[in-house]
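Asker: Sending over a structure as structure tokens; questions will come in a sec.
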């Protein structure tokens, strides 16, 4: 159907044995930043550095150490999931942005991690779709469409995909972020990046990637 949607990120905390329900239908990715949690109706527990995608309301229960969950949600404007989480959960909205999705051949939603060694250079590039990033360690200095911004742990930012981004990772600490992007379906299993200089395509890339979710969605 396409149209204007909202992409947002919450940081949630759930205590040991506490239960929280996320009401309403939307494309929801739950990334476990710390601890672990179980999902109602599923046998396995999602542990730290794991992620899952759901389109339906979902109930989670914190593990022995509780859980910190990074909750990404995508929904059509006017169809916002109803209400705040129900139960013993504290939530902080980190970022919320509107995105326009008009790709006639459909979309996929991707959750992945990008990790950088010390002083890693990020060459000038764009992406095939919009997305939210959140840093989990280190420091990242980025020039986003010519504006310099510095991000530390738990800082979140939005990239529409069409604007150029360049930067450098910390010289002192390993750096990494989690991101969720909405991409055309033709990018299933493929990199979404385009380098703006032909010379940069040939340079070695020191960053590494880990994909958690790469799934077709209906928008």
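The values are calculated or read from the model by the stated rules, or taken from the named source; none is laboratory data. Since the model is a prediction, treat every value here as computed from it, not as a measurement. Quick reminder, even Gly has a Cβ in these numbers, built from the backbone with ideal geometry, and neighbours come from all protein chains shown.
Asker: Identify all residues within the stretch 180-192 that are surrounded by 14 or more Cβ atoms within 10 Å (Cβ to Cβ) and either over 17 Å from the mean Cα position of the chain (by Cα) or not in a loop (DSSP other than H, G, I, E, B) (or both); write none if there are none. Quick ask: steps written out before the conclusion?
Answerer: Of the stretch 180-192, the ones surrounded by 14 or more Cβ atoms within 10 Å (Cβ to Cβ) are 180-184, 187, 192.
180, 181, 182, 183, 184, 187 - these are the residues of the stretch 180-192 that are surrounded by 14 or more Cβ atoms within 10 Å (Cβ to Cβ) and either over 17 Å from the mean Cα position of the chain (by Cα) or not in a loop (DSSP other than H, G, I, E, B) (or both).
Asker: Follow-up question, since we're still on this one. Within the stretch 81-125, track down each residue that is farther than 30 Å from residue 169 by Cβ and surrounded by 18 or more Cβ atoms within 10 Å (Cβ to Cβ).
Answerer: As a first pass, look at the stretch 81-125 and keep what is farther than 30 Å from residue 169 by Cβ: 81-90, 100-106.
Passing the criteria: 85, 89, 101.
Asker: Another one. When the residues of the stretch 139-159 are filtered to those that are free of Cβ contacts under 8 Å to residues at least 24 places away in the same chain and outside any strand (DSSP E or B), which remaining residue is farthest from the chain's Cα centre (by Cα)?
Answerer: Looking at residues that are free of Cβ contacts under 8 Å to residues at least 24 places away in the same chain and outside any strand (DSSP E or B), I get 146.
Asker: Any residue at all in the stretch 65-74 that is at pLDDT 90 or above, over 14 Å from the mean Cα position of the chain (by Cα) and over 20 Å from residue 213 (Cα atoms)? Step through it out loud before you land on a result.
Answerer: Step one: of the stretch 65-74, the residues at pLDDT 90 or above are 65-74.
With the extra rule that they be over 14 Å from the mean Cα position of the chain (by Cα), the set shrinks to 65-68.
Now drop any that are not over 20 Å from residue 213 (Cα atoms), which leaves 65-66.
Taking every residue of the stretch 65-74 in turn, at least one turns out to be at pLDDT 90 or above, over 14 Å from the mean Cα position of the chain (by Cα) and over 20 Å from residue 213 (Cα atoms).
Asker: Given the structure, is residue 177 in a strand (DSSP E or B) and loosely packed, with under 13 Cβ neighbours inside 10 Å? Before the answer, list the steps.
Answerer: Values: in a strand (DSSP E or B): yes; loosely packed, with under 13 Cβ neighbours inside 10 Å: no.
Criteria not met by residue 177.
Asker: Restricted to the stretch 56-90, and to residues that are free of Cβ contacts under 8 Å to residues at least 60 places away in the same chain and assigned to a loop (DSSP other than H, G, I, E, B), which residue is farthest from residue 23 (Cα to Cα)?
Answerer: Initial filter on the stretch 56-90 (free of Cβ contacts under 8 Å to residues at least 60 places away in the same chain): 56-69, 78-79, 81-82, 84.
Remaining after also requiring assigned to a loop (DSSP other than H, G, I, E, B): 56-57, 78-79, 81-82, 84.
Working: 56: 8, 57: 5, 78: 16, 79: 12, 81: 6, 82: 6, 84: 8 Å.
Result: 78.
Matching residues to (1) farther than 22 Å from residue 72 by Cα; (2) at pLDDT 95 or above; (3) in contact with a helix residue (DSSP H, G or I) (Cβ under 7 Å, 6 or more places away or on another chain):
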| residue | (1), (2), (3) |
| --- | --- |
| 111 | no, yes, no |
| 129 | no, yes, no |
| 170 | yes, yes, no |
| 175 | no, yes, no |
| 202 | yes, no, no |
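Asker: Further, regarding this structure: Please verify whether residue 35 is surrounded by fewer than 19 Cβ atoms within 10 Å (Cβ to Cβ), at pLDDT 95 or above, in contact with a strand residue (DSSP E or B) (Cβ under 8 Å, 6 or more places away or on another chain) and within 23 Å of residue 155 (Cα to Cα), treating the condition exactly as stated.
Answerer: Working: surrounded by fewer than 19 Cβ atoms within 10 Å (Cβ to Cβ): no; at pLDDT 95 or above: yes; in contact with a strand residue (DSSP E or B) (Cβ under 8 Å, 6 or more places away or on another chain): yes; within 23 Å of residue 155 (Cα to Cα): yes.
So residue 35 fails the test.
Asker: When residues of the stretch 93-120 are filtered for being closer than 20 Å to residue 152 by Cα and more than 15 Å from the chain's Cα centre (by Cα), how many remain?
Answerer: Matching residues across the stretch 93-120 total 5.
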